[in-house]
1. Examine region 137-153 for a residue that is farther than 30 Å from Val297 by Cβ and assigned by TED's automatic domain parsing to the domain that holds Glu29, and state whether such a residue exists.
2. Tell me yes or no: at least one residue of region 11-26 is in contact (Cβ under 8 Å) with a residue 60 or more places away in the chain, polar (S, T, N, Q), within 16 Å of the ligand (Cβ to nearest atom) and surrounded by fewer than 19 Cβ atoms within 10 Å (Cβ to Cβ).
3. State whether one or more residues within region 305-319 are surrounded by fewer than 24 Cβ atoms within 10 Å (Cβ to Cβ), farther than 24 Å from Val98 by Cβ and not hydrophobic (A, V, I, L, M, F, W, C).
4. What are the residue pairs meeting all of these: first residue in region 301-326, first residue more than 16 Å from the ligand (Cβ to nearest atom), second residue among the acidic types (Asp, Glu) and part of a strand (DSSP E or B), Cβ atoms under 8 Å, and 6 or more apart or on different chains?
5. Which of the residues spanning region 152-173 are small (Gly, Ala, Ser) and within 14 Å of Asn27 (Cα to Cα)?
6. Yes or no: Glu57 acidic (Asp, Glu) and either within 18 Å of the chain's Cα centre (by Cα) or at positive phi (or both)?
7. Can you pull out every residue in region 30-63 that is acidic (Asp, Glu), part of a loop (DSSP other than H, G, I, E, B) and within 16 Å of the ligand (Cβ to nearest atom)?
8. Quick one: which residue in Arg44, Arg9 is charged (D, E, K, R), under 30 Å from Glu177 (Cα atoms) and modelled with pLDDT of 95 or more?
Amino acid sequence: MSAVRGLSRRAVLLGTGSALPRRRVSNAELAETVDTSDEWIVERTGIRSRYIAGEGETTGTLAVEASRRALDAAGVPAAEVDLIVLATATPDQTFPAVATIVQAKLGIPDCVAFDVAAVCSGFLYALTVADSMVRGGAARTALVIGAETFSRIMDWEDRTTCVLFGDGAGAVVLRAEETEDRGILATRLHADGRHNELLFVDGGVSTTGTIGKLRMRGQEVFRHAVVNLSAVLREVLDAAGHDPSDVDWVVPHQANKRILDATARKLGLPPERVVVTVDEHANTSAASVPLALDVAVKDGRVKRGDLVVLEAMGGGFTWGAAVLRI
Ligand code: UT7
């Protein structure tokens, strides 16, 4: 298949950044208080550690740190940002949006700023909205962030979930450019709200009036994830006019190493082209894709000219994917 052709206004990725809480918790440390073992967690998930937010660390503080680093990497002054879209399911306050906290901390006097709630695929949703606004002319320089503190909605007595998640934030800077095939080439999003009970939080503002705890039927989520992710990867590559063989890097949502492997296998993608950070970060929900992207940019794997595919699936269910040329 031939690549997308023709000069057009696209959202080009200028820089990435990420932030993690100070405290790293190994499987062994977790096993001191939870009925689990390093062996079980590594074998079933590939996770070896996660970062847990402490005193003074929130979704907002992590998002601000990741954003500053992304702006530095992009060489873009904060004042030039005219759009902030932040994906989270664990905001600092019920309202206002965490995006406005980021705006204030970065000292941006005026811009569009709002949060997107699509849980683990939130970053793909945020990226797609920002891409549409940049291409459509409503924005020129966008900060797109995924930031979470899932440790605060964990049931620390439920070993089937609490070993899987961690906290963190990732951010990217996008800018409108007239280009032939750089930037975001295609995005695809989906939702199927019939699966609410497979992955949800058992509390909320207008129901229990409490924050609630995360509940998951892991095996069923696993099965849906592999099917939905391989389908949306094919769909988005098709939309961008590319084959799986054209892809330099897949940056997937980091939920379980076995999901990453099974999805790559279904598409015939060699495992060495898949960026894996689940071992170090665990599942950081909306933060996981931009966190993993930042790791791969900073260590030199993802570089200018590469064709990169991002994908994620999570509660809702919601899922999505994006193809971009760096
Ligand atoms: O980001 C949103 C998307 N989320 C996901 O994609 C998560 C998808 N699901 C998964 O990653 C996997 O299903 C899990 C990692 C959650 C679970 O792995 P599994 O291989 O499906 O295990 P299982 O649920 O079938 O449990 C197997 C056994 C059970 O014991 P019995 O009934 O066989 O005696 C569990 O009680 O493992 C037990 N178990 C544990 N043992 C030690 C469950 N959690 C633990 C644990 N430590 N932490």
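The values are calculated or read from the model by the stated rules, or taken from the named source; none is laboratory data. Quick caveat: nothing in here was measured; it's all calculated off a predicted structure. Cβ sites come from the backbone with ideal geometry, for glycine too, and all protein chains shown count toward neighbours.
1. Step one: of region 137-153, the residues farther than 30 Å from Val297 by Cβ are none.
So far as region 137-153 goes, no, none of its residues is farther than 30 Å from Val297 by Cβ and assigned by TED's automatic domain parsing to the domain that holds Glu29.
2. no
3. Taking every residue of region 305-319 in turn, at least one turns out to be surrounded by fewer than 24 Cβ atoms within 10 Å (Cβ to Cβ), farther than 24 Å from Val98 by Cβ and not hydrophobic (A, V, I, L, M, F, W, C).
4. As it stands, the answer is Ala322/Glu311, since those pairs meet every condition given.
5. Looking only at region 152-173, we keep the residues that are small (Gly, Ala, Ser), and these are 166, 168-171.
Listed by number, the list holds a single entry, Gly166.
6. Values: acidic (Asp, Glu): yes; either within 18 Å of the chain's Cα centre (by Cα) or at positive phi (or both): no.
When the stated conditions are applied, Glu57 does not pass them.
7. In the first step, residues of region 30-63 are kept if they are acidic (Asp, Glu); the result is 32, 35, 38-39, 43, 55, 57.
The next check asks that each one be part of a loop (DSSP other than H, G, I, E, B); those that pass are 32, 35, 55, 57.
Glu32, Asp35 - these are the residues of region 30-63 that are acidic (Asp, Glu), part of a loop (DSSP other than H, G, I, E, B) and within 16 Å of the ligand (Cβ to nearest atom).
8. Values: Arg44 fails: under 30 Å from Glu177 (Cα atoms).
Exactly one of Arg44, Arg9 is charged (D, E, K, R), under 30 Å from Glu177 (Cα atoms) and modelled with pLDDT of 95 or more, namely Arg9.
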